[in-house]
C-alpha cells in the first residue's frame, strides 16, 4: 500500500479520499495570503521551493487593485505516500487547462500528462521543457501553482478511478460551455466530464499549493504574475532590434558589422557576442579573450554608435577562470565540461559570481547577457549535472535544475539592481515565479509553428519567449521568420554560425564563404522593412510591458486568455495577442494562405484597413511583405517613426492610427531609462465628433503625434 | 543534504564514498547465488521487484555448464537517500556498455543517460521504452541487473565528480583496447577515462544488484538468460510465417483468406485476428463477437488447413465482460478505457483471467495471443493507468507498469503450462528476466532502421523483437521490410488495416478499395520467394532457439556480443547475428548500397558464395530479391525444402550447404512439438577428405539431407 497517511484535505472531498489506504482527516482551510491568493499546506513541504528561494516580493499594490474575490475558487486536497506528495484539484466539465510553462509540443493541457522535467530541446510532448512551470490556469478563471522544485507529474484530467459495482456515474454539473461548442478535436478528451487535475510531487513529504483567483482567466494570470513580483519592464533599447554575431567574430569584425548596419540603414540596438569573447567557452572562464583585446574601447565605440553589447556565457566555470578557486567550496559535487556548477542558491557563490561579472563586464558597460546551457541536456547530450548531485545549499540536482536558470538570472540581476541599471537578456531555462526577470527564453529547436505556439504558451506562465531567427530555407522563410521575430518579446537575429547577415545569403556554407545572392540588396530591403515595422511598434509594445510590470498582464499571450468564454479561441495556438489591441497570425513559408480566428467584436486588417466582424474564421493570403496583424476596433494605435535605434529622438515621433468610431484613449509611458523609471503617462484621445485627436502629456514629454490617421 | 546514510559498500571504494554526506561502512561481501552470479544487497530492498515476482526458477543446469569464474567481476557500491537508492559500478577505460532492454533510438549506452520509463512509442533517446530492462552488459564480459520495478535512471559513465583543488586526475588503467582503436564517434564519450555507471532507483530504500560473470560478453548474457530461467523455445509452427488480418475481418473473410493463401502458395502457419473477434475491444471483453459465430468450427477448419489461430487482446476489462465482476476486487484503483486493470501480481486476478481464457479460447484450440497496450502510453495518448495507482497486491502504478507486460504473459503462460501446450505470441511490453517467455515484442513505430537496431539491442536483455511488416512506401520498401521480417524471431505480416495482402497494393486506401497494382502477381511472387527463404531457414533457426532455451544464447543478437574484442563491431547496429553462423545486414528502400562490417575470420556471401576475409568493411549493392546474408566460414548450413507450413513433412527435408574447408558439425533438434519436447539431436558432418557429408540421427528421426552442396 502506498498511501500511508493523508496529511491534509481542504475544500470539498477529492477523489483521493476514496483511496482504501488513505486515512483522511480534515485539513486546515486554505489561508488567504494576498488578495485573491490562497495557500493550501499539505504535510511538511520541502525547504527548497520556488517561493522559498524567491528574491522578488509579491507586488502587493498591484494585487490589491485586481477585483476582490471572496472565496478560494478551487478546493485542493492532498496526501503523502512513500512516492511523494499527491494533490488533487477538481476540473469541471468543459474547463480548459493551459500553462505548465514553455510547452512547444502542445497547447491545451486538459487530457494530457506532463512530467515537468527540465530538459533541453524537447521533441516529444511529455512535459520535458527548457522552462517548465508547475502553474496552470483554466478557462474558469483561476490559476494553480504547485510550489515545488521537483519534476512533478501533472495528470490534467481524464484519469478515472474505478467505479464500484452498481455505483452510479456522477452527473456532471451544468456548464456554460457545452461539449458541442468545443472544437471537435477536444471532444475526445472527455471534456464534458467532471474530473480532476492530479499532481504528484516526487520525494516531497508535503507541498504548498497556491490558488490564484481571477475572476477572469487573464486576471488569474495577472494575479500569478503579480504574486511573482510583477512583470519585467525592459529598457526601450531592449525592444529594438538585436543581432548576435558569428561565434568566432573578433572585436574588429564586430565594429565593422556595426558600421555596416548604420551605413546600410539596418535597425539595431543590441549586438550580442557569442563564444569567442571568452578565453574558454566550454566550460566558461568569463575572461575576455585575445579576440577582444580592448573591451572597454569596443563598448565605447559601440555606445557612440548607439549600440548596446550583450555577452553569451554559461555558468559552468572552467579551471582556468579566476572564479574557479573561490567557487570551489560553493559549487555542486559534479562537474560540467570539467567546470564547476556554482551553487546559486547560496549567498557565497552568488556574490563571487556577481562581483566578478560586475567588475569585468558590467562596469565596462556590458548591457546584459545570454545565459546559455542552464537547462538540463542530459537526454540530448548527457552533459549536465546529474539529478543526484548535491549542493552546499542543501539542494539536490533535481531541485537545482528546476531553479538553476532563474537563480542564475537572479545572480546577475543583483548586479544590475545594485548599479541601478536596467538590463534585458536571454536565458535558456526558467521556471515558476519568473515574471520579474527581464530575460527571454529561446531554444535550439527551430520549427516555426512550434515557435509561435511557444509565444502563445509562454504568456500563461509568466515567461517571455523569442522565436529567434537563425537561418532559413529560402527568402520566403527568412522573411516569414523575421516577421514573427519582429512581433515578439525580443526581436533577435541570432547569426551565431553565419558570417554575414542572412539576407545576403541564407545558405550557411555559401554565407560563410562570402558567396552572396545576386539580389541580396532586394532581400535586405525587405528585411529592413520588417525591422522598421518592429521599430514603429516600440511605443505600443513598451506600454504593454508597463502593464506587465504594474498589472501582471502578459504583453504576449494566447487568444484564449482574453476570450475564455469563446471556445473558438481554445485551440488557437498559431495566433497570439500582442498588447491590448493587436492580434498576430504569422504566415509560414510554403503556405500561401492560412486560417485566422477572429474573436468577438470587430477587427481591422492592419495592412489594408479592411474591417471584419468577429466570431468568425477567415482565410487570409498575405503577400510576402505582410504578416497578418489584426487591430481591435476601438483602438488608437501609436506607430513611431522608424529609426535605426531607440536613442534617436525621432523614435518618440508618432503617427496615431484610429480604428473604429469611438476609440478608447491610449496610454503610453515616457520611460526615462532609469532603474525605477518615472513612466510619465501620455494619453492619446480621439474625439469622433470634432474628428480630431489630442495628446495629454506632461511638460517634459517626449512623445509627439505628428499625424492622426482615421481607419474606418 | 540528501544522502542521509550509506547502507552498504562492497568491493573497491566507489566514487560515492567521496560524498560529504555519506557515512560509509563496509557492506557484506556479495553473495554468490548461482555459479558465476553474485548478489549485492543494499539497505532494505522493496518487496515487489523482478526477482521477487518471478515465476521461472533459474536454469541451474545450464548455469553450471558455463565456465567457472572465481571472483565477482564488478564491485558495486551503494547508498540511500530521501531520493531513493543509488548504486555505482565502475567502468574501465574503453569499456563498452550495451543493453537496458529494447532501445530503438540508441545502441551503445556508454556516455548516455536513460530513465527506464515504460512508455509506448519512444521517439526520443531518453530511456522510454516498451520494454526497458534494468540490465546491461559490457565488452569486458559481465552483466549487471539492478533488481527494481521502478523507473530507474542509468547514468552510463561520463558524470564527473568535482576534483578538489590540486587533486591529481586518477590515471586510467591500461586497457587492451585503446581509444584510438574505437570508432571516431565514440571518442567523444570520454571512452578512455575511468568512470562509473550510476543507477538511481527512485523511492526505494534499498536494492539488490546481481552481477553476471562471463568471462566473455556473450557468456554474461547467457548467464543472465539462464538466471532468468533459460530462453523460450517456440513451437516449430511459431517459426513459420504469420499473417494478421484486418481488424474488422469476419470469420468468413478469415477462412477465405486462408484458402487463398493455400491456393496461391503463400506460406503461412499462423493467422492472427485483431479487434473484431471481441464484442468490445476498448476496453476488452474477451468474448467472441457476432463476427465470429462459431469459433470452434473456425479453428477446426483452420487446423485442417494447417493454420494456428492467434488472438489480439489487451487486459483492460470492459464492464460487459464476464470477467469484470469477479475481477473488481482484484484490480487497480484506476480504470483504463472504462475497464478494469487486473492485478496480475495477485493469485486471484491471475486465476480468474487464466481460467476464462482457457475455457473460452485455449480449450477451443487458440494457439496464442497478441497482448497489446500493456505498455504505458501516457505520453502518447494518456490512456493508461497512472503511476499513482495502487493495486491489491501492494504495487503502485509505476511498479505495475514495470511488471505488467510480463505478468500478463505469465498469466496466460500458466494456462499453456497447465495444458502442456506450447505457445508463441506477441506482446507490447516486457522487462527484466523475460527470456523464458515465448513472446515477441513489437511497436507502433515504423522506422526500418530503428527496427533493425531493435533486433540487435533486444538480444542483450533476454528479449525477442519483430520488425513487423505493416505497410510500405512502395514495392521496394515492401520487399526490403519483408526480408528483415523473414530473418527475425517472428516472421509477421500485420495487415490490421489493409483488407488484402500488401503485395496486391501497398497503398492503404487503394488496398481497402480493392484497387490492386497491375503487376501484383509479380510482386506476390517476389514476396513468396522471401517467405520461402524463411521457411528454408526454420531448422537452423529452431536449433538456435534450442541453444537459447538450454544455454541462454540469444538466437538474434548484436555482432559485438560475439566479437567484443574487435572495436569495429562496437557501433554495428544495422547488422545482427542470427544463430551461430549467419550475419544479416538488411537492405533499406532507397539505398542501393550499404556498408557491412565483417568481423574476424572468413565469411561467405549467402547468395553468390563469394568468400570475404574478415576484419574489414565492405560495400554491397544487393539486388532487390536478396537481403545481404553472410555465412561464417566453417559452417554446415541446413536449408529445408520450402513448404507452405511446418506441418508439411517436406519441411524436414534438407539441403546442407557447406561453407569452407573444414566445417564443424551442425546439430539440429527434432522437436516433437510437446510441452517438454525430446529434442532428439541430429548431427550433420562433412568429411573434407572424402568430400562427403553424413547425418547422425536417431531411429525416429525426421530430418533427412537430400543434398549436400559445397561452397568454396
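Starting from the stretch A:637-649, take each residue that is under 17 Å from residue A:263 (Cβ atoms) and list its partners that are surrounded by fewer than 17 Cβ atoms within 10 Å (Cβ to Cβ), counting only C-beta distances under 7 angstrom and pairs at least six apart or across chains.
Here the result reads A:643/A:650; A:644/A:262; A:644/A:265, each pair linking the stretch A:637-649 to a residue that is surrounded by fewer than 17 Cβ atoms within 10 Å (Cβ to Cβ).
Just one of the numbered conditions (1) within 14 Å of chain A (Cβ to nearest Cβ); (2) crowded, with 24+ Cβ neighbours inside 10 Å is not true of residue B:383; which one?
Going through (1) within 14 Å of chain A (Cβ to nearest Cβ); (2) crowded, with 24+ Cβ neighbours inside 10 Å one by one, residue B:383 breaks only (2).
Condition check ((1) within 24 Å of residue A:151 (Cα to Cα); (2) crowded, with 20+ Cβ neighbours inside 10 Å; (3) modelled with pLDDT of 95 or more) across all residues:
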residue: A:4; (1), (2), (3): yes, no, no
residue: A:8; (1), (2), (3): yes, yes, no
residue: A:13; (1), (2), (3): no, no, no
residue: A:40; (1), (2), (3): yes, yes, yes
residue: A:59; (1), (2), (3): no, yes, yes
residue: A:69; (1), (2), (3): no, yes, yes
residue: A:77; (1), (2), (3): yes, yes, yes
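Determine, yes or no, whether residue A:129 is within 14 Å of chain B (Cβ to nearest Cβ) and in contact with a helix residue (DSSP H, G or I) (Cβ under 6 Å, 6 or more places away or on another chain).
Against the criterion (within 14 Å of chain B (Cβ to nearest Cβ) and in contact with a helix residue (DSSP H, G or I) (Cβ under 6 Å, 6 or more places away or on another chain)), residue A:129 does not qualify.
Of A:200, A:196, A:169, which residue is farther than 22 Å from residue A:48 by Cβ, within 14 Å of chain B (Cβ to nearest Cβ) and at pLDDT 95 or above?
A:196
I'd like to know if the stretch A:244-251 contains one or more residues that are in a strand (DSSP E or B), touching a strand residue (DSSP E or B) at 6+ places or on another chain (Cβ under 8 Å) and modelled with pLDDT of 95 or more.
To start, the set of residues in the stretch A:244-251 that are in a strand (DSSP E or B) comprises A:244.
Checking which are touching a strand residue (DSSP E or B) at 6+ places or on another chain (Cβ under 8 Å) leaves us with A:244.
Of the ones still in play, those that are also modelled with pLDDT of 95 or more are A:244.
Checked against the condition, which is being in a strand (DSSP E or B), touching a strand residue (DSSP E or B) at 6+ places or on another chain (Cβ under 8 Å) and modelled with pLDDT of 95 or more, the stretch A:244-251 yields at least one hit.
One line per residue, one yes/no per condition, for (1) more than 19 Å from the chain's Cα centre (by Cα); (2) within 11 Å of chain A (Cβ to nearest Cβ); (3) more than 20 Å from residue B:567 (Cβ to Cβ):
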site	(1), (2), (3)
B:76	yes, no, yes
B:81	yes, yes, yes
B:100	no, no, yes
B:109	no, yes, no
B:113	yes, yes, yes
B:122	no, yes, yes
B:125	no, yes, yes
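Just the residues that are more than 21 Å from residue A:376 (Cβ to Cβ) and within 12 Å of another protein chain (Cβ to nearest Cβ), please, taken from the stretch A:318-334.
Passing the criteria: A:319, A:324, A:325, A:326, A:328, A:329.
Taking the stretch B:83-102, which residues are touching a helix residue (DSSP H, G or I) at 6+ places or on another chain (Cβ under 8 Å) and in a loop (DSSP other than H, G, I, E, B)?
Hits for the stretch B:83-102 are B:83, B:93, B:94, B:96, B:102.
Find all pairs meeting these conditions: Cβ atoms under 6 angstrom apart; at least six residues apart or on different chains; first residue within the stretch A:24-40 and in a strand (DSSP E or B); second residue modelled with pLDDT under 75.
Partner pairs satisfying both residue conditions: A:40/A:10.
Out of the stretch A:578-595, which residues are without any contact (Cβ under 8 Å) to a residue 40 or more places away in the chain and buried (at least 23 other Cβ atoms within 10 Å of the Cβ)?
A:579 - this is the single residue of the stretch A:578-595 that is without any contact (Cβ under 8 Å) to a residue 40 or more places away in the chain and buried (at least 23 other Cβ atoms within 10 Å of the Cβ).
Can you confirm whether the stretch B:323-330 contains a residue that is buried (at least 17 other Cβ atoms within 10 Å of the Cβ) and outside any helix (DSSP H, G or I)?
Within the stretch B:323-330, the subset buried (at least 17 other Cβ atoms within 10 Å of the Cβ) is B:323-324, B:326-327, B:330.
Those left that are additionally outside any helix (DSSP H, G or I): B:323.
Yes, some residue in the stretch B:323-330 is buried (at least 17 other Cβ atoms within 10 Å of the Cβ) and outside any helix (DSSP H, G or I).
Can we say residue A:609 is surrounded by 13 or more Cβ atoms within 10 Å (Cβ to Cβ), part of a loop (DSSP other than H, G, I, E, B) and on the phi > 0 side of the Ramachandran plot?
Judged against the criteria, residue A:609 is a match.
Where in the stretch A:640-712 are there strands (runs of 3 or more DSSP E), lying wholly inside it, with at least 3 residues that are over 28 Å from residue A:308 (Cα atoms)?
Result: A:653-659, A:680-687, A:692-696, A:704-711.
Mind telling me which of the residues B:315, B:281 ends up being assigned to a loop (DSSP other than H, G, I, E, B) and either touching a strand residue (DSSP E or B) at 6+ places or on another chain (Cβ under 7 Å) or within 14 Å of chain A (Cβ to nearest Cβ) (or both)?
On the way: B:281 fails: either touching a strand residue (DSSP E or B) at 6+ places or on another chain (Cβ under 7 Å) or within 14 Å of chain A (Cβ to nearest Cβ) (or both).
Sole residue among the options that is assigned to a loop (DSSP other than H, G, I, E, B) and either touching a strand residue (DSSP E or B) at 6+ places or on another chain (Cβ under 7 Å) or within 14 Å of chain A (Cβ to nearest Cβ) (or both): B:315.
Of (1) assigned to a loop (DSSP other than H, G, I, E, B); (2) in contact with a strand residue (DSSP E or B) (Cβ under 8 Å, 6 or more places away or on another chain), residue B:565 satisfies all except one. Which?
Exception for residue B:565: condition (2).
Mind listing whichever residues of the stretch B:335-353 are within 11 Å of chain A (Cβ to nearest Cβ) and within 30 Å of the chain's Cα centre (by Cα)?
Hits for the stretch B:335-353 are B:335, B:336, B:337, B:339, B:340, B:341.
Taking the stated definitions as given, is residue B:444 modelled with pLDDT under 95, within 23 Å of residue B:128 (Cα to Cα) and out of contact with any helix residue (DSSP H, G or I) (no Cβ under 6 Å at 6 or more places or on another chain)?
yes
Checking residue A:68 against (1) within 25 Å of residue A:559 (Cα to Cα); (2) more than 12 Å from every other protein chain (Cβ to nearest Cβ); (3) in contact (Cβ under 8 Å) with a residue 60 or more places away in the chain: exactly one of these is not met. Which one?
Looking at each condition in turn, residue A:68 falls short on (3).
Take residue B:367 and tell me if it is under 23 Å from residue A:155 (Cβ atoms), buried (at least 21 other Cβ atoms within 10 Å of the Cβ) and touching a residue at least 12 places away in the same chain (Cβ under 8 Å).
Numbers: under 23 Å from residue A:155 (Cβ atoms): no; buried (at least 21 other Cβ atoms within 10 Å of the Cβ): yes; touching a residue at least 12 places away in the same chain (Cβ under 8 Å): yes.
The answer is no for residue B:367.
On the given criteria, is residue A:87 more than 22 Å from the chain's Cα centre (by Cα), away from every other protein chain (no Cβ under 14 Å), at pLDDT 95 or above and under 30 Å from residue A:455 (Cα atoms)?
Criteria not met by residue A:87.
The values are calculated or read from the model by the stated rules, or taken from the named source; none is laboratory data. Keep in mind the model is a prediction, meaning the values are calculated, not measured. For neighbour counting, all protein chains shown are included, and Cβ atoms are generated from backbone atoms with ideal geometry for every residue, glycine included.
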